[in-house]
Amino acid sequence: MTRVTSTWRRAGAGAASLLLVLTACSGGDDSDDDGLDGARTTAGTLAEGLGGGDLREVEFTDVSAQGATRDYRQVVAGMGDLRPEVAVVSVEPAGAGEGRAEATLAWTWPFGAEGWTYESTVRLTRPGIGSGPWLASWARDVVLPGLAEESVLEASTEVAERGEVLGAGGEVLVTERPVVRVGIDKTGIGDGIATRSATELAGLTGVDPGPFRRAVAAAGDRAFVEAITYRADEVPPAVEAAGTDVDGVLLLPDERALAPTRTFAAPILGTVGEVTAEMVADDPDAYQAGDVAGLSGLEARYDEQLRGTDGALVEAVGPGSRRRTLTSTEAVPGEDLTLTLDRRRQTLAEEVLAPVGPASALVAVRPSTGEIVAAANGPGNDGQNLATFGQYAPGSTFKTVTSLALLRAGLTPESPVTCPPTVDVDGRTFGNYSDYPAGATGTIALRTAVADSCNTAFITSRDRIGDDDLAAAAASLGLGVDHDLGFPAYLGEVPPATTETGRAADTIGQGTVLASPMAMATVIASVQQGSTVVPSLVAGMTADPAGDTEPVSWAEADQLRTMLRGVVTDGSGTVLADLPGAPVIAKTGTAEYAAPDGSTRTHAWMVAARGDLAVAVFVADGASGSSTAGPLLADFLRRAG
């Protein structure tokens with residue numbers, strides 16, 4: 001596996017995994033029998049000031065409070081946002097006579113898993129005899145024993161190696177790959193030039209110019225304000241030229257956790273980048289500005305696992321940049337996340353969908369295990385994950401479920417059913433699709449109704465199906481049962497019909513029936529396997545069928561396979577008839593929906609299985625399942641192996 005070398009960075013606003021603590025306390029014996037009550041008060045005020053970074057409430061013997069504050073802040077400036085807890089352990093007399101004491105301070109810096117702890121001492125004196133305030137003696141070794149007067153503390157963070165996302169067979173899917181960060185470097189160019197350059201760069205990169213200009217204007221004089229990050233081999237020539245032609249434009253080589261290509265399973269895998277302000281605000285213990293983390297998809301859901309734990313280092317830095325290590329913790333690399341995606345088949349699925357204009361998806365499942373080997377989203381999806389989380393009427397692909405319900409009602413593939421040209425249900429007329437075979441109406445066998453996808457045959461048979469039987473049959477084939485699978489998964493729903501028209505529509509996958517492409521791939525996978533399949537994508541995150549679900553039996557699945565084979569050999573799925581290899585079973589589907597312009601359009605579906613591969617193809621706007629989705633599915637199966 002390719003790994004990026006961990007790097008050390010100075011602690012600051014972007015220091016990762018270091019907790020900000022701003023509390024201090026005072027302690028010790030409250031009794032003034034020994035005459036040190038005032039010394040304890042001064043020690044407590046000092047401890048509180050050290051914890052908060054402000055010593056102006058403390059009186060010192062040899063320096064002003066403002067001077068001590070400035071010196072202290074210089075000492076700890078290199079600790080970035082870290083603040084210590086400081087407590088008084090004890091205050092004891094020092095030397096002979098009154099008016100001298102020594103306070104022991106306990107320091108805890110929020111550093112590493114248990115914090116960095118140590119003790120220091122400070123001398124306290126009371127100039128007056130028996131009266132007057134106690135004064136503290138300031139020196140840098142109050143902050144850390146042995147710290148020289150010219151030395152400071154400096155913390156840095158060792159960024160942990162992010163875990164990789166692996167696919168089937170352990171093949172690396174997401175790893176550190178070279179990128180180029182493009183932005184404005186304000187060093188030495190002034191706000192006017194910087195904002196003009198920001199406008200020009202925004203035009204070249206497609207970044208919204210307004211927010212980018214404002215970010216550049218608000219940044220410090222030496223800040224780098226990033227506009228966009230490109231893969232190293234995808235930087236547009238005009239942007240590359242701007243690096244030399246436009247004042248302040250800077251192209252910084254870097255590495256970022258990326259998939260093999262920009263589109264590879266992108267809506268599912270998600271992205272990695274600098275955390276947003278909202279992430280920092282929502283979880284300040286986990287994120288600080290400048291941290292790199294998962295921003296969406298599985299990268300975000302499993303960010304804690306993938307990020308690992310950053311290492312940390314504190315050094316005393318003296319004159320000539322001499323460094324002495326004070327404490328350190330090693331970085332713990334993130335753990336890899338293993339998925340079931342097959343890189344070759346995922347790439348192939350995306351190639352198949354690449355020329356499709358409307359929203360589309362292709363999901364391929366291994367029936368023997370339920371493993372999802374491809375979950376592709378087409379270019380028309382606007383970045384949405386429709387493959388595993390889309391919610392659409394499945395149309396006639398759902399007749400596989402209705403057929404199981406009819407088999408359980410006592411029918412066989414040879415049982416006669418009635419297929420009229422149209423059927424009226426409570427005033428609504430249902431018909432068959434426009435190019436339905438004219439000679440396939442009348443009384444026909446159930447297997448013929450499945451092969452030719454006769455809507456009216458299933459609608460006229462609805463009285464044979466009990467109120468809950470359709471949902472039960474769907475659950476037997478893996479549809480409509482909710483599981484936590486560790487990724488965005490919609491397995492569909494078959495709610496009870498409330499009207500007779502609704503019951504009729506449900507039998508042909510319309511009405512209130514909904515499914516995702518993954519859910520319909522699961523249905524055909526269950527038929528192929530002869531048992532209820534539950535899909536999986538994340539290794540170790542699997543689920544068993546619901547305990548109250550009656551699994552599909554091998555005998556039932558065998559009858560379904562016989563009818564779905566007829567779809568390929570004699571019915572609406574002949575586009576798959578000439579595929580080499582094991583016999584293919586399939587079902588086409590076309591589902592009507594109301595388009596935004598008020599017209600009635602159709603979703604195009606096709607599901608199929610061959611050997612140990614079950615596939616669903618969905619196109620949001622198509623002519624029919626056989627003519628729109630069918631060729632895409634045939635192309636995938638022909639090349640998928």
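The values are calculated or read from the model by the stated rules, or taken from the named source; none is laboratory data. The structure displayed is predicted, hence computed values, not measured ones. All Cβ positions, glycine included, derive from the backbone under ideal geometry; neighbour counts span all protein chains shown.
Points worth noting:
- Top-ranked residue in region 44-66 [being touching a residue at least 12 places away in the same chain (Cβ under 8 Å) and of a type in the set (Gly, Ala, Ser); ranked as farthest from PRO319 (Cα to Cα)]: GLY44
- Filtering region 190-205 to residues that are surrounded by fewer than 16 Cβ atoms within 10 Å (Cβ to Cβ) and either touching a strand residue (DSSP E or B) at 6+ places or on another chain (Cβ under 8 Å) or of a type in the set (A, V, I, L, M, F, W, C) (or both) leaves only ILE193.
- Test: residue in region 31-38 that is more than 32 Å from the chain's Cα centre (by Cα), exposed (fewer than 15 other Cβ atoms within 10 Å of the Cβ), assigned to a loop (DSSP other than H, G, I, E, B) and modelled with pLDDT under 50: yes
- Picking from residues in region 384-412 that are polar (S, T, N, Q) and in a helix (DSSP H, G or I), the one that is nearest to SER516 (Cα to Cα) is THR388.
- Residue within region 342-353 that is in contact with a strand residue (DSSP E or B) (Cβ under 8 Å, 6 or more places away or on another chain) and free of Cβ contacts under 8 Å to residues at least 40 places away in the same chain present: no
- LEU153 farther than 30 Å from VAL292 by Cα, part of a strand (DSSP E or B) and of a type in the set (A, V, I, L, M, F, W, C): no
- In region 487-500, the residues that are crowded, with 17+ Cβ neighbours inside 10 Å and over 29 Å from the mean Cα position of the chain (by Cα): ALA497
- Restricting attention to region 288-306, the residues that are closer than 13 Å to GLY273 by Cβ and either part of a helix (DSSP H, G or I) or among the basic types (Lys, Arg) (or both) add up to 4.
- Taking region 428-461 as the range and being over 14 Å from THR590 (Cα atoms), free of Cβ contacts under 8 Å to residues at least 40 places away in the same chain and not in a helix (DSSP H, G or I) as the test, the residues that pass are THR429, PRO437, THR441, GLY442, THR443, ILE444, ALA445.
- Filtered by the rule that a residue be over 23 Å from GLU371 (Cα atoms) and out of contact with any Gly (no Cβ under 6 Å at 6 or more places or on another chain), region 557-575 gives GLN559, THR562, MET563, ARG565, GLY566, VAL568, THR569, ASP570, GLY571, SER572, GLY573, THR574.
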